[in-house]
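First up is the structure itself, then whatever we jot down about it.
The values are calculated or read from the model by the stated rules, or taken from the named source; none is laboratory data. A quick note: this is a predicted structure, and the numbers were derived from the prediction, not measured. Cβ: placed from backbone, ideal geometry, glycine included. Neighbour counts: every protein chain shown.
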Amino acid sequence: MILCTRSGFSLLEANIATAMVGMFISGVMMMDANLLALIKTGKETTSANQALQERVEQLRISNWVQITDANYLAANVLNTATSSAVGLGGLTETMTVTSWANPSMTPGKVTRSGNNVQVNSTDSALASEKMVRIDLNLAWTGVDNRKHTRATTTLIAKGGIAK
């Protein structure tokens, strides 16, 4: 006597397997989209950090009177976007120069938003100080439509890097 056994998959089993493969592929694609967004956000953060470094380098080549003059900073430092900041959407840059010894003194503050540069406050007495604190702040809207910020602070002494 010969027994005949049939082996194979039923239509229901094949449909379930196809659905499981489809869910796996869609999960991988969603993960891939999240990773791409994360990479783009990382690229923006790196661009912002580089833009901050470029602004610090612009300050390094300026002299003391220029660094402590908000009008000079508006006309010569923040007048154009840095090459690194080109990909940052809705970028606003703020540079604040404050006396280190006398923080109650009116700080020099300059803001750049788009192509508009505005001197928010200035104090000519900053030039007579011996050291200033410079706060640089970048704020932009990322590819994820969230607000992002990066900031740095540097201290510059008269007769130090700025002659």
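Values for this structure:
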quantity: Selection status of ALA17, in a helix (DSSP H, G or I) and at pLDDT below 90; calculated: yes
quantity: Tally, over the range 49-66, of residues that are under 18 Å from VAL117 (Cα atoms) and touching a Lys or Arg at 6+ places or on another chain (Cβ under 9 Å); calculated: 2
quantity: Enumeration of residues in the range 124-138 that are in contact (Cβ under 8 Å) with a residue 40 or more places away in the chain and not in a strand (DSSP E or B); calculated: SER124, LEU126, ALA127, GLU129
quantity: Sole residue being loosely packed, with under 14 Cβ neighbours inside 10 Å, touching a strand residue (DSSP E or B) at 6+ places or on another chain (Cβ under 8 Å) and polar (S, T, N, Q), chosen from THR94, THR68, THR153; calculated: THR153
quantity: Count of the range 45-68 residues which are among the charged types (D, E, K, R), under 16 Å from ARG133 (Cβ atoms) and modelled with pLDDT of 90 or more; calculated: 1
quantity: Among the candidates THR106, THR152, THR141, THR111, residue that is of a type in the set (Val, Ile, Thr), over 30 Å from LYS43 (Cα atoms) and either touching a residue at least 12 places away in the same chain (Cβ under 8 Å) or in contact with a Phe, Trp or Tyr (Cβ under 7 Å, 6 or more places away or on another chain) (or both); calculated: THR106
quantity: Residue list for the range 75-86, filter: surrounded by 13 or more Cβ atoms within 10 Å (Cβ to Cβ) and touching a strand residue (DSSP E or B) at 6+ places or on another chain (Cβ under 9 Å); calculated: ALA75, VAL77, LEU78, ALA81, THR82, ALA85
